[in-house]
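I have placed the structure first, in the form of C-alpha cells, so that the comments after it can refer back to it.
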Amino acid sequence: MGRHFGNLAKVRHIITYSLSPFEQRAFPNYFSKGIPNVWRRVTSSFFKVAPPMILMYLTYSWGNSVHQQGKRKNPADYENNQ
C-alpha cells in the first residue's frame, strides 16, 4: 500500500553519491581551523554587538534602581506619627 519513505519519488538522470557514516570524520580540522575561525568571527563582530548590549544593560539596571527607589517609603512622612 503506497511507497516506502526512501522511494517516494522516481528521479531520473540524477546521480547521487553517499559516504558511509563509518568512513566520515566527525570533527575534521576542528582544532586547526575551527577554533581560530570562531575567534576571528567573535573579534570581528565584538564592536558591533557589545556597545548596544552594554547600553541596554545599563538602561535596565538604571530602570530597576529607579523602580526600587520609587517603592520605598519616605521616612520624613512618618516622623510625627504616634
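The values are calculated or read from the model by the stated rules, or taken from the named source; none is laboratory data. None of the values given here were measured: they were computed from a predicted structure. We place every Cβ from the backbone using ideal geometry, glycine too, and count neighbours over all the protein chains shown.
Can you find a residue that is modelled with pLDDT of 90 or more, of a type in the set (A, V, I, L, M, F, W, C) and part of a helix (DSSP H, G or I) anywhere in segment 61-70?
yes
Quick one: count up the residues across segment 24-59 that are aromatic (F, W, Y), assigned to a helix (DSSP H, G or I) and exposed (fewer than 10 other Cβ atoms within 10 Å of the Cβ).
Qualifying residue count for the region: 2.
Looking at P21, is it at pLDDT 80 or above and loosely packed, with under 10 Cβ neighbours inside 10 Å?
No; evaluated as a whole, the condition is false for this residue.
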